[in-house]
Amino acid sequence: MMTMTATAPARPTPIILDCDPGHDDAIALVMAHRSKAIDLLGVTVTCGNAELDKCVSNTLRILEFIGAGDVPVAAGCYRPLARPLVLGTADGPSGLEGSPYLPMATKTLEPMHAVDFIAKTLREQDEPLRIVATGPLCNIGLFVLKYPELLPKIKDVTWMGGVFYRKSEIITPTEFNAFCDPEALKIVLDSGIKLTMVGLDVTMQVLVEEPQYAEFRKIDTELGRVVNDWLLFYEKLHRNSMGVGGALHDPLALALIIDPTLVRTRPAHIGVDLAGTYAFGATVADFWKERGLPDNADICTEVDSDRFFELLYSLLRD
């Protein structure tokens, strides 16, 4: 058990959240809106867990439901940069099954593509901005190609993706967000952006099992019940294919903006397999500088799962 101590930020950290809701993305959206440590400047949406139009609809409905209708939302890439879209399977056909009672949104989209919204938002900031990406990196990769002059305006990207040691939900050793758009991942890795990879090595340690469900059931509010229903549907794939409860991949990535001491990281040069017959989309770490290449990412290697869940419960209770 890690005993690292969190230091509260002096003021809320402004972020853009790039996502593909998705049950765990939905919980990350809830956390970003409810945390006093975060100033959510906008949400950009990509394909991944479902087709883009479904992910956009899910985003608008979630934000309206949680009282975040004033947060700008911009739609981005409807497919990966260099290949057809392969959908995720954990969240059902709509990307957010198990929540039919969410209202249809009256909120409208920003009148620009997600990468243009990111560029506009970066230009408006006095200081470099942080981005949290919880889906395939289609939007971020396209941004790098279209606006290379704005890369210094990105302080860092925290990305839920990759796997280095643990069993994957696709083909070991791959992870879905990397598998879905590996070309975009390579573009981001090669861009010089400071990147933290919150992969399955740590997210498969933040599992919702019966002790966690017991705590969620105690949060007897409309939001608490919705989150519990999301989790009950979301765990079906995990339980059937891996024998474990749902892993809170995306909420952990978002939580690191609130409390970076939840994890320990290790720097490495990361490559991504674009051509492998058996390891397509695999993220490969050179920890020992065998290739003589500079580090291009920090990989999360350990997580304090108990403190993560306490953070999540507290945000849902408040």
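The values are calculated or read from the model by the stated rules, or taken from the named source; none is laboratory data. Bear in mind that the values here come from a model prediction, so they are computed numbers and not experimental data. Note: ideal-geometry Cβ built from the backbone for every residue, glycine included; neighbour counts use all protein chains shown.
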* Which is aromatic (F, W, Y), more than 18 Å from the chain's Cα centre (by Cα) and buried (at least 17 other Cβ atoms within 10 Å of the Cβ), of Y147, Y165? -> Y147
* Structure fact -> Here the qualifying pairs (Cβ atoms under 6 Å; residues six or more apart or on different chains; first in segment 27-49 and in contact (Cβ under 8 Å) with a residue 24 or more places away in the chain and crowded, with 24+ Cβ neighbours inside 10 Å; second of a type outside the set (D, E, K, R) and part of a strand (DSSP E or B)) come out as A32/L17; A32/I38; A32/L40; V43/L17; V43/V73; T44/A74; V45/A75
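Does segment 67-95 hold any residues that are over 21 Å from L137 (Cβ atoms) and either modelled with pLDDT under 90 or of a type in the set (A, V, I, L, M, F, W, C) (or both), and which are they?
Passing the criteria: A68, V71, G92, P93, S94.
Go over the candidates T121, T108 one by one and state the one that is on the phi < 0 side of the Ramachandran plot and at pLDDT below 95. Full working, then the answer.
On the way: T121 fails: at pLDDT below 95.
Testing whether each residue is on the phi < 0 side of the Ramachandran plot and at pLDDT below 95 leaves just T108.
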* Asked: Among the residues of segment 288-318, which ones are modelled with pLDDT of 95 or more and aromatic (F, W, Y)?
  -> F308, F309, Y313
* Asked: Of D298, D250, which residue is within 19 Å of L137 (Cβ to Cβ), within 20 Å of the chain's Cα centre (by Cα) and part of a strand (DSSP E or B)?
  -> D298
* Asked: Looking at (1) hydrophobic (A, V, I, L, M, F, W, C); (2) more than 16 Å from the chain's Cα centre (by Cα); (3) surrounded by 15 or more Cβ atoms within 10 Å (Cβ to Cβ), which is the one condition that is false for A214?
  -> (3)
* Structure fact -> The condition from (1) at pLDDT 95 or above; (2) surrounded by 19 or more Cβ atoms within 10 Å (Cβ to Cβ); (3) more than 30 Å from E222 (Cβ to Cβ) that A285 misses is numbered (1)
* **Close pairs from segment 72-88: first farther than 20 Å from H33 by Cβ, partner buried (at least 22 other Cβ atoms within 10 Å of the Cβ) and of a type in the set (F, W, Y), Cβ under 8 Å, at least 6 apart** => V86/F179; G88/F176
* Structure fact -> For segment 25-65 the number of residues that are in a helix (DSSP H, G or I), closer than 18 Å to S314 by Cβ and of a type outside the set (G, A, S) is 6
* Are there any helices (runs of 4 or more DSSP H) wholly within segment 129-201 with 1 or more residues that are touching a residue at least 60 places away in the same chain (Cβ under 8 Å) and under 16 Å from T265 (Cβ atoms), and if so which? -> 182-189
* Structure fact -> Note on segment 274-294: residues closer than 17 Å to K194 by Cα, in a loop (DSSP other than H, G, I, E, B) and of a type in the set (A, V, I, L, M) are L293
* To do: Take segment 15-50 and flag every residue that is more than 13 Å from the chain's Cα centre (by Cα) and at pLDDT 95 or above.
  => H33, R34, S35, K36, A37, I38, D39, L40, L41, G42
* Residues (among the aliphatic types (A, V, I, L, M), in contact (Cβ under 8 Å) with a residue 40 or more places away in the chain and not in a helix (DSSP H, G or I)) located in segment 253-273 -> V263, I270, V272
